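Undergrad: The following block contains the structure, expressed as structure tokens.
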Amino acid sequence: MQALEAILPGSRVQGESGTAELRREFEEQLADGASLAFRVAMSVLRNHADAEEVAQEALLRAYRGFHRLRERGAFRGWLCRIAWRLALDKQRGTRRREKREVVAVQDAPALNAEQIAVSNEFERHVAKAMDELPEKLRQAIVLAAIQGYTTKEVAELLDLPEGTVKSRVHLARKLMAEKLAWLVKDTAHG
Amino acid sequence: MACERYSTRLIEEALAPGGDAELTAHLAVCAECLAELGRQRDLQSRITGSIAAMVAAEPSPALLARVRQQIAAEETPRRASWMRWAIAGATVSALAGFAVWFAGRALLRQPVLGPQPGQAVRGTPPAQRSAKNEPAQNSVVPPTGVARKTGANGAKSARQRTPRLAQSVQVAAAQDGVPAANTPASSAPKFNVIVPPGQREAVLRLVAAMQSGRVDVAGLLKQPEQQEMKPLEIAPLKITPLDEKTSNGQAEGDHK
């Protein structure tokens, strides 16, 4: 069996004990993967229950396809992409609810920038500005914001050169600053 | 208010300090822009903090428990894959079986081909049409049962039952190679000719032409005479001796 794996690069021959080994390997990745999948989903959905649901589905899908994953080191990036896609699907599915929320934000009484800054409304505006970013930039800025992830790690997660990630994060921050510049000006005038 | 010229560059400066020497020099003399830069840095800090807070949440411990529970309940991935293939195979087999059954059913419903009494096309040529009361020629005679059920109005429906693959033309028995005139008075026995689809009209015209004498039937039936062929003559192959040829060539070369 090992000879076959040697002959066929990238192949994995699993016997009866292979399933147990597969589960053990997956279990090793599970705790870290659950946190990552949840955070990625949370960045898109911004709802704890929805994010947990998406993270759970992402982990199950990852487990189902785990035996096909040749490089175990690529697990986190792969899981990240699964969670991202599922979260976007979920977001599209609940678009109606999202629209209602946007309408509610628009209908709310106008606050000045200072009041917004001290309230949760500021986070809402940030979230809205983030949603309007192109997907690639959004993904980069979200992963870069996850605590403990360096640019290099984000580059590994996204399977991109480090320079590309840096560039995307920079551009995303710039676009967000431009979108939210009115808050700064309002503060200055207020 | 900050200078319009530097508004975008102030954002860049807030993101990556010290990258713009001209702006740095301007900031040394413009208090407004310096204040704006401070506000931009504050905004950046808030934005980063908001995004970080957004993704700082941790999943509940119940998430891991649920995932482990579902994994335990699931089959192994390989078996799941095998089951998917099995289900797909069963589905394809069922569809194929249904298709075969449906095709067989359609074939059974199709009318029987070939000469059948009552289903034949009466092949009286147009030249023979004379009497007004004569029934329509070249029309399909419906089967007896159908005719009984549908009566005179059943002609159309009977035409729709014409076999698709081949057609039958009823022609009076031949006399000396020429088909007999297909008149009601003719007592000559009739026979059916199975013709390929779409050629019924052509056959009817040919029969009419043969009956009217416009076509020389004997000439058509006459086999072309075969010319006597002379047996092949086998002539011996003449080959020039090799030595003589070679010696001649060498001799010519020597001369040149």
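Undergrad: Report the convex hull volume per residue for segment B:1-63, counting only C-alpha atoms, in Å³.
TA: On the way: hull volume 5.5 nm³, N = 63.
Each residue corresponds to 87 Å³ of Cα convex hull volume.
Undergrad: Now for a different question. In peptide B:56-65, what is the residue-averaged number of other protein chain Cβ atoms found within 10 Å of each Cβ? Mind showing how you got there, number by number?
TA: On the way: counts 5, 9, 6, 13, 4, 1, 2, 10, 9, 0.
Across the residues of B:56-65, the mean count of other-chain Cβ atoms within 10 Å is 6.
Undergrad: Same structure again: For segment A:19-58, list residues with backbone N below 20 Å from a point placed 7 Å from the Cα of residue A:70 toward its Cβ?
TA: Taking a point 7 Å out along Cα→Cβ of residue A:70, the residues of segment A:19-58 whose backbone N falls under 20 Å are A:22, A:26.
Undergrad: Moving on. List, in the order given, every pair from A:128/A:174; A:90/A:174; A:90/A:152 whose Cα-Cα distance in the structure shown is over 22 Å. Please report the intermediate quantities before stating the final value.
TA: Numbers: A:128/A:174 15 Å; A:90/A:174 28 Å; A:90/A:152 29 Å.
From the list (A:128/A:174; A:90/A:174; A:90/A:152), the Cα-Cα distance tops 22 Å for A:90/A:174; A:90/A:152.
Undergrad: Right, another one. What is the interface area between chains A and B, defined as buried accessible area summed over both chains with a 1.4 Å probe, reported in Å² to the nearest 100?
TA: Values: alone 12240 and 20230 Å², together 28580 Å².
In total, this chain pair buries about 3900 Å².
Undergrad: Go ahead and run the numbers for FRET between residue A:128 and residue B:201, Cβ-Cβ distance against an R0 of 60 Å, rounding to 0.05. Mind showing how you got there, number by number?
TA: Numbers: r = 77 Å, r/R0 = 1.28.
Once the sixth-power term is evaluated, E becomes 0.20.
The values are calculated or read from the model by the stated rules, or taken from the named source; none is laboratory data. All values derive from a computational prediction rather than experimental measurement. Cβ atoms come from the backbone with ideal geometry, glycine included; neighbour counts cover every protein chain shown. Calculation scope for accessible area: heavy atoms of the full protein, side chains included, ligands and nucleic acids excluded. Shrake-Rupley method; radii C 1.70, N 1.55, O 1.52, S 1.80 Å.
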